[in-house]
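Report on the following structure.
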Amino acid sequence: IVMLALWFLFELAIAFLAKGATTGGRAAFTEPYDLTSLAANIFLVQSLGLNEETWNWVAWSISTEVWTYLVFGVLLLVASRRLERAIAAVMLAAATLLLMHAVNPGAIGQAMPMTRCLYGFMVGALLHWLYANMLKGRGPATFDQSAAFSLAEVATLSLALTFILADKGPVQHLAAIPVFALLVLVVAFDRVVVSRVLAWRPFAVIGMLSYSIYMIQPFIKLHLLKPLALFAQKLTGTAMFSPGLGETVVWGTTPLIGNLLALVMLAAVITCAMLSYAWLEKPARDWMRRYVRGSRSAVSHGIGDTPSVVHKAAPQLIASKPVAIA
């Protein structure tokens with residue numbers, strides 16, 4: 001909502017201060033920033049076949065996630081005694097649909113984003129169940145086992161990095177989840193080289209800020225740094241952009257300028273993410289946790305004869321922080 005408000009204010013500024021046009025000639029409140037798409041973003045339904053990448057377009061994933069959480073809540077209510085089986089069934093159904101999409105792109109149409117999220121979340125939930133019930137506490141006990149585990153970490157990390165650098169396509173949507181699930185599972189033991197490096201404080205801080213970084217970076221790039229770059233370009237006569245492929249615009253006319261602009265972007269995003277985390281994300285999360293604890297307390301003190309299935313499951317779900325790979 002906060003990011004949408006900022007995008008909305010920027011469109012107002014275009015309408016009143018820029019005489020209804022952007023630097024690209026687009027009038028204010030036209031696609032992809034029209035009012036119909038704004039309503040879809042407010043209610044987080046843009047990825048359910050409605051105006052997917054509009055306004056703060058990275059929120060398409062938030063749109064799929066909130067409905068995936070509701071699906072998980074329904075599974076808790078209707079299949080609590082066989083929860084793992086229900087999760088596996090949803091996972092396999094989603095994987096089948098993604099396989100159809102890989103074989104025939106567009107086969108599942110606008111259902112692909114939601115299907116992809118359901119698949120990733122359910123894999124993450126099963127991964128957590130596997131770790132918590134079968135693997136937790138079991139780690140390398142001898143040097144040889146530690147060395148083998150280190151090699152496993154390096155191998156899975158290398159696989160993930162190779163996967164990131166590979167060409168993207170429909171098959172990647174299907175294969176991404178197992179690749180990163182394997183990496184998460186291996187480093188979850190926190191015993192050897194890679195996991196200890198990844199626990200280094202700078203990495204931990206970036207991980208803590210990752211949600212804010214994700215949500216704010218398009219606005220900073222397009223509505224803060226791009227206008228400043230255009231102003232500097234006009235002021236100094238030094239080109240800040242060069243044409244790319246199709247409609248793509250490349251920041252910088254040389255690798256040196258491009259790298260310098262990338263460092264400026266990185267510093268600006270991390271700084272703003274720190275403010276976003278401190279002022280928005282953490283206070284909202286802490287408030288929600290207090291609210292949930294208060295609701296659990298009310299149930300346990302006699303509102304209703306017996307605690308609900310969700311009430312029974314809530315402490316474990318909150319305490320265990322299940323891994324969700326989406």
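Every read-out reported here was derived from the displayed coordinates using simple, explicitly stated rules and does not represent laboratory data. Here the structure is a predicted model, which means the values were calculated and not measured. All Cβ positions, glycine included, derive from the backbone under ideal geometry; neighbour counts span all protein chains shown.
Key figures for this structure:
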quantity	calculated
Amide H within-cut-off set for PHE241, under 5 Å, with H built and near neighbours excluded	GLY252
Rounded Å value of the spacing that divides the Cα centres of the stretch 88-136 and the stretch 172-186	11 Å
Linear extension gain, THR162 paired with SER80, 0.36 nm per residue minus alpha-carbon span	25.7 nm
Per-pair calculated FRET efficiency, R0 = 41 Å: TYR291 and LYS226 via Cβ, rounded to 0.05	0.60
